[in-house]
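The values are calculated or read from the model by the stated rules, or taken from the named source; none is laboratory data. The model shown is predicted, which means the values in this text are computed figures rather than measured ones. Every residue, glycine as well, gets a Cβ built from its backbone with ideal geometry; the counts of neighbours run over all protein chains shown. Side chains included, ligands, DNA and RNA excluded: accessible areas come from the protein's heavy atoms. Shrake-Rupley method; radii C 1.70, N 1.55, O 1.52, S 1.80 Å.
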Amino acid sequence: MTVATSGRPAGAPGRRPTPDGSGCTGGTAGPDGSEGGRPGQPAPAGRELKQRHLTLMALGGAVGTGLFLGCAQTIRSAGPAAVLSYALAGLLVILVMRMLGEMVVARPMAGSFADYARLALGDWAGFTIGWLYWYAFVAIVAIEAIAGGRIVHGWLPGVPVWAVSVVLLTAMAVVNLCSTGSFGSVEFWLAIVKIGAIVGFLALGTAYVCGFWPGGGSPHLGHFVDHGGFLPNGPGAVLAATVVVVFAFGGTEIVTIAAAESPDPRTAVARATRQVLWRVLVFFLGSIFLVVAIVPWDTVTGTESPYATAMARMGVPFAGTVMTAVILAALLSVLNSTLYASSRMLTTLCRHGEAPRALARTNRRGAPARALLLGTVMGYLSIGAQVLQPERTFGFLLDSTGAVLIFLYVTIAVSQLRLGTRARRTEPHRLTFRMWAHPHLTWLTIAALLAILLSMALFADTRPQLLMSLGSLGVVLLAYGVRRAVRRMRRVRQASAAGRMGAEG
């Protein structure tokens, strides 16, 4: 399932309008209405992902270190009201995924949100969000590999962190290179570990808080008010924490990319999008509620997962070791899925002529080997930079991608606003899965996302992330401008040469 846009300006030869009148090119429509590949183009990956892979990917996609470890910062900042921060961020993610689901179900495309941005806003938007997403996810590959190395180094102090990081990254690269099916199978089992850990914690935590725990001693819900009240740091702290929490949901959108390699993308995405609602309610809000109920918020530290602290308070044996193993599984899951997503986004850019087409070539098993290897090599270089500059590299990777997820969500919302309005007017039969209260709720979501960007500028802790992410955005926009200017100059020279040949003839 490919989208073979040529990159030529609207109206140029070889360009034909799509049914929605956008002017975006595509290959022959497949049986599901998606875009098919053209002869001579790099072969698209096969449809090896099964519904069980996508279901577990949707359930466990956002359950990672942002939840298991990142919630410590949120709880320390907002206190018990961290539950509200997760609720607000979760609501935004639910709405954005609903918008993305409407577009994917109406017109499945391999590039997902990057191709919808192209349809709605033009080539510049597809180029920009595609490259930003690729850069952010390649950075996350390095971040997760380095973090995983630190975890294993704690168990094996004689092994250098960099060596463990290289081994973890190589292992996940090999999984992705084997086939799309191997990626899906590994992600399936890692998701089961993560979901099993959350479900187990929910069961144990609920029994403890409700007073059914052996030995008693349950605080019930006293920790919500006994340590400075529900809002110990004021309502502003809830908003500041929401800015951080939004990034814990990163990865939810990957299922819409992976769906392109499933037999029925429409059904897969619709089902996955519906699951986001109760996944947020149960996995995130439910587990954070229990953490705050079990652990006094002012005793949470950044050195240990609050989930491990909560289990230790309940008297669960080997709580720290068990939670560390779960966190490592979550890290590997993120490493696996970000390698996958970054390689697929790069192949989408290749098919639009916005990256070297050779990078889209697949191996015998249908995996985009060159795109995967490029992401892996970038990860190796980042690990090397971390060894040489440990004080700067990790922070740079975090800060330069910190706001990219918000940029992505704004782009998805604006794309749905335009394409959804157009489809409701010209192709209502395509909209079998609709965004709620369109366009009013879409506008409200855009306003909320822009408010988060403004909040990042106001709070000292998040301001560097916004500024450096804006720098990353500026570099990509500059690259697009340079690319467009070069292509225009080339066309002018070609036209001039053709004119001279005609005159001479």
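Screening the stretch 45-68 for residues that are in a loop (DSSP other than H, G, I, E, B) and not hydrophobic (A, V, I, L, M, F, W, C) and picking the one that is modelled with the lowest pLDDT gives Gly46. Candidates in the stretch 217-238 are the residues that are open to solvent by 40 Å² or more (accessible area, probe 1.4 Å) and on the phi > 0 side of the Ramachandran plot; of these, the one that is modelled with the lowest pLDDT is Gly217.
Against the list (1) modelled with pLDDT under 95; (2) touching a Leu at 6+ places or on another chain (Cβ under 7 Å), the condition Leu419 fails is (1). When the stretch 432-461 is examined, which residues are found to be among the β-branched types (Val, Ile, Thr) and either on the phi > 0 side of the Ramachandran plot or surrounded by 15 or more Cβ atoms within 10 Å (Cβ to Cβ) (or both)? Thr442, Thr445, Ile446, Ile452 - these are the residues of the stretch 432-461 that are among the β-branched types (Val, Ile, Thr) and either on the phi > 0 side of the Ramachandran plot or surrounded by 15 or more Cβ atoms within 10 Å (Cβ to Cβ) (or both). Please go through the stretch 130-175 and give me each residue that is in contact with a Lys or Arg (Cβ under 9 Å, 6 or more places away or on another chain) and open to solvent by less than 30 Å² (accessible area, probe 1.4 Å), ordered by number. Hits for the stretch 130-175 are Gly130, Val164, Ser165. Among the residues of the stretch 293-323, the ones that are polar (S, T, N, Q), touching a residue at least 24 places away in the same chain (Cβ under 8 Å) and buried (at least 19 other Cβ atoms within 10 Å of the Cβ) come to 1 in all. For the stretch 352-396, enumerate the residues that are within 22 Å of the chain's Cα centre (by Cα) and farther than 28 Å from Ser112 by Cβ. Listed by number, the residues that qualify are Ile383, Thr393, Phe394, Gly395.
To keep it simple, each residue is scored yes or no on (1) closer than 18 Å to Ala259 by Cβ; (2) under 20 Å from the mean Cα position of the chain (by Cα).
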position: Gly101; (1), (2): yes, yes
position: Pro108; (1), (2): yes, yes
position: Leu119; (1), (2): yes, no
position: Trp124; (1), (2): no, no
position: Tyr135; (1), (2): no, yes
position: Val138; (1), (2): no, yes
position: Ile143; (1), (2): no, yes
position: Trp155; (1), (2): no, no
position: Trp162; (1), (2): no, no
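Residues in the stretch 322-377 that are outside any helix (DSSP H, G or I) and closer than 15 Å to Val138 by Cβ: Ala355, Pro368.
Here Phe433 meets the list (1) assigned to a helix (DSSP H, G or I); (2) in contact (Cβ under 8 Å) with a residue 40 or more places away in the chain almost entirely, failing just condition (1). Listed by first and then second residue, the pairs linking a residue in the stretch 182-205 that is farther than 17 Å from Ser287 by Cα and open to solvent by 10 Å² or more (accessible area, probe 1.4 Å) to a residue that is modelled with pLDDT under 90 and among the β-branched types (Val, Ile, Thr), with Cβ atoms under 9 Å apart and 6 or more places separating them unless they lie on different chains, are Phe188/Thr55. The set of residues in the stretch 98-117 being more than 13 Å from Arg266 (Cβ to Cβ) and open to solvent by 10 Å² or more (accessible area, probe 1.4 Å) consists of Arg98, Ala110.
On the stretch given as the stretch 118-129, residues that are of a type outside the set (D, E, K, R) and buried (at least 24 other Cβ atoms within 10 Å of the Cβ) total 5. No other residue among Glu144, Glu102 is in contact (Cβ under 8 Å) with a residue 60 or more places away in the chain, among the charged types (D, E, K, R), over 24 Å from His352 (Cβ atoms) and in a helix (DSSP H, G or I) apart from Glu144. If you scan the stretch 468-482, which residues turn out to be open to solvent by 50 Å² or more (accessible area, probe 1.4 Å) and either in contact (Cβ under 8 Å) with a residue 40 or more places away in the chain or touching a Phe, Trp or Tyr at 6+ places or on another chain (Cβ under 8 Å) (or both)? Hits for the stretch 468-482 are Met468, Leu470, Leu477.
If I ask for residues that are of a type in the set (Ser, Thr, Tyr) and either assigned to a helix (DSSP H, G or I) or farther than 20 Å from Ile140 by Cβ (or both), which ones from the stretch 442-469 would you list?
Initially, the stretch 442-469 is screened for residues of a type in the set (Ser, Thr, Tyr), giving 442, 445, 455, 462, 469.
Hits for the stretch 442-469 are Thr442, Thr445, Ser455, Ser469.
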